[in-house]
Amino acid sequence: MKLCMIGTGYVGLVSGVCFADLGNDVICVDNNLDKINSLKKGKIPIYEPGLSELVIKNYKNKRLNFSTDLKKSVRHSDIIFICVGTPTKRGGGSADLSQIYNVSKEISSSINKYKIIVTKSTVPVTTGDEIEKILSKKNKKNKFSIVSNPEFLREGEAIRDFIYPDRIVVGSNDKKSNRSLKNLYTPLISKGAQYINTSRRSAELIKYASNAFLATKITFINEIANLCEKVGINVEDISIGMGLDKRIGSRFLRAGPAYGGSCFPKDTKAIITTAEKFKTNLNLIRSVVKSNEARSNLLLNRIYEILNKKIRNKKITFLGVTFKANTDDMRDSSSLKMIPALSKKGAIIKYFDPTGYKKEFSKIKNVFNEKTIKDAVKEADLVIIHTEWNDFKSINFKNLSKGKKFIIYDMRNIYSPKKIKGQGYKYYSIGR
Ligand code: NAD
C-alpha cells in the first residue's frame, strides 16, 4: 500500500519505518527541513534502539522516503497517517490541536482520489468529527474516510511494541476504511495482535482512558510508597503481593519519581478538560494529576532532608535525566523540576545520561554534563539515580568513588539497601 506519515517524530518515524519494513511504500513527511535532510543522510534525529538500522535498510531499498512536500506526498498515497504533536495548550490543560487542524487543511486541498485519513496522534474524542468537517468543505464525502488508529508504542521499546502490539484499535465509521486498515495490519494480526474495530469516537477515547489508567496505577503505587517509608516496610513487597493478583497485574506498579514523558502528563490533563467540555467531572484523574505534580516537590524535600537542609555548594550528581530509560526524550521529565530547584538553592549539579548533553539545562546555573559515570560521580556529595538505564544497574561504587563515601539516593530501587549500606554508603531509595 502507499502510505504517507505526516509528522516524522517518535510515532511517525517509528510507525513509518515499520510499515515500510512490512513491504509498504511509505513517505514520511515533516515541515522540519533539517530533520528530513538528516534522515536522508541516514542520521536519525531521535534515540530509539534499533531504529537507525531499520531506517537505513528501508531507505536504501526505496520502500521508505522522506519529504517536506505534504501535498505531493498526500496525492501519491492511499492512506495518510496524521502523526503530529498534540501538546498541552499554553496556560491550560486542553490539547493544542493546531498542528492537527493545519495538517487537515493541507490534506483537504490535496485530495485527488479516495483517501483514508487516519489520526495516529492522540486526539480528544470528537476530533475526528472536526477533521471530517474541515475536509467536507472542499471534498465530496465519498472521496475520503476519517479513521482513528491511536498508537500505543512506548519510547525505548517502540519497534517491538509496533510489531508485537497487545492490540490494534481502529475506529472507523465505514466498512471500506476498516477493511483497508485491517489489510494493512494483517502481518501483525497474523503474529498474534488483537485487532479491534470500534466507532471513531471510541478509538479516540480508548487511548486517553488507557493512558489515564496507567498514570493512575503509577501514582497509586507512588502514594503507597510514601506510606511504606513512614511505616518501615518495603514497597517492592507490596508491588509483588498486589501484582500477582491477575485482576491487578504487576506492570506499572513500581514506585519511583513522578511520571513524565510526552504522553501521560499531557493526556491526563487533556482528558479532564475534554470531559469538562461534555459536563463530566473526572475527579479520580484530577487527583492523579495533582498527586503527580506534587511528587517532584516531595522527592525534592526528601533530598533536602538527606542533605540536612544544607544545599548550598553541595555537589549533586544525577545519573540519567530522561523521563525513562532507552529514550532521549526529556519532555516532562521530573529532572526538569528537580535540577533547576536544586540549582536555585546553590547546589552544583553534574549529570550523566547515556543520550548525552541536554539543552534543557543549558541556561541553568551550575549544571554540568559529564561524558562518563566516573566523571559525573567524582567529588559528589550525593548521587541520585534518576533513570533506570542498564548502565546504572551494576555500578561498582567502591571502585568508582575510590573510597569516598557519597550518599546514594536510588529513585529506581535498583540496588539492595542491605548490600550498599554494607559497603559503608548512606543509601536511600523509594518506599523502603
Ligand atoms: P514529535 O514531536 O516527536 O513529532 C511530531 C512531528 O510532527 C515533529 O517532527 C514536527 O516537526 C512534525 N510536524 C508538526 N507540524 C507539522 C506539519 N504541519 N507538517 C509536517 N510535520 C509537522 O511527537 P510524537 O512524540 O511523535 O507524538 C505525536 C503524537 O503521537 C502525539 O499526539 C502523541 O501524544 C502521540 N503518541 C506519542 C507517543 C510517544 O511515545 N511519543 C506514543 C503514543 C502516541
Just the number please: accessible area per residue for the stretch 281-432, 1.4 Å probe, all protein chains included, in Å². 49 Å²
What percent do you get for the relative contact order of the chain when only Cα pairs under 8 Å and 6+ apart count? 12 percent
Angle in degrees between helix 264-277 and the longest Cα principal axis of the chain, rounded to the nearest 10: 60 degrees
Per residue, how large is the accessible surface of the stretch 140-233? Use a 1.4 angstrom probe and give square angstrom. 49 Å²
Principal axes of the stretch 234-295: Cα extent on each, largest first, Å: 40, 24, 18
Taking a temperature of 4 °C and a viscosity of 1.567 mPa s, what whole-number D in µm²/s does Stokes-Einstein yield for the stretch 341-430 with Rh from Kirkwood over alpha carbon pairs? 94 µm²/s
So which of Lys57/Lys374; Lys277/Lys359; Lys337/Lys371; Lys217/Lys315 end up more than 25 Å apart, counting from Cα to Cα? Lys57/Lys374; Lys277/Lys359; Lys217/Lys315
Most to least packed among 369-378, 319-328 [average Cβ atoms within 10 Å]: 319-328, 369-378
Semi-axes (Å, rounded, descending) of the ellipsoid equivalent to the chain per its C-alpha gyration tensor are 42, 24, 20
Over all viewing directions the Cα convex hull of the stretch 107-232 casts an average projected area in nm² of 10.0 nm²
log10 I(q)/I(0) for the stretch 228-360, Debye formula on C-alpha points only (no solvent), q = 0.13, 0.15 Å⁻¹, two decimals, reads -0.73, -0.94
Report, in degrees rounded to the nearest 10, the 0 to 90 angle that the Cα long axis of helix 283-306 makes with the longest principal axis of the chain. 30 degrees
Ranked packing of 349-360, 381-392, most packed first, by mean Cβ within 10 Å: 381-392, 349-360
With a 1.4 angstrom probe the carbon and sulfur portion of accessible area for the chain, in percent, totals 51 percent
The stretch 60-199: relative contact order in percent, alpha carbon pairs under 8 Å with at least 6 residues between: 19 percent
Run through the stretch 208-281 and list the chymotrypsin sites (Phe, Trp or Tyr not before Pro) located in a DSSP loop whose Cβ has at most 13 other Cβ atoms within 10 Å. Phe278
Pull up the DSSP beta bridges for the chain and report the antiparallel fraction as a percent, rounded to 5. 5 percent
extent check for the stretch 55-178: Cα max minus min per principal axis, descending, whole Å, gives 40, 39, 31
If I take every Cα pair under 8 Å that is 6 or more residues apart in the stretch 194-341, average their sequence separation and divide by the length, what percent do I get for the relative contact order? 24 percent
At what distance in angstrom do the alpha carbon centres of the stretch 31-99 and the stretch 1-15 lie from each other? 5 Å
Based on the mean of other Cβ atoms within 10 Å per residue, sort peptides 72-84, 161-173 so the most packed one is first. 72-84, 161-173
Rounded to whole Å, give me the distance from the Cα center of the stretch 161-232 to that of the stretch 238-308. 18 Å
In terms of the alpha carbon gyration tensor, root eigenvalues a ≥ b ≥ c, rounded if a/c is under 1.5 and otherwise prolate when a/b exceeds b/c or oblate, the stretch 49-89 is oblate
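The values are calculated or read from the model by the stated rules, or taken from the named source; none is laboratory data. Everything numeric in this text was worked out from a predicted model, so none of it was measured. All Cβ positions, even for glycine, are placed from backbone atoms using ideal geometry, and neighbour counts span all protein chains on display. SASA here: full protein model, heavy atoms, side chains in, ligands and nucleic acids out. Shrake-Rupley method; radii C 1.70, N 1.55, O 1.52, S 1.80 Å.
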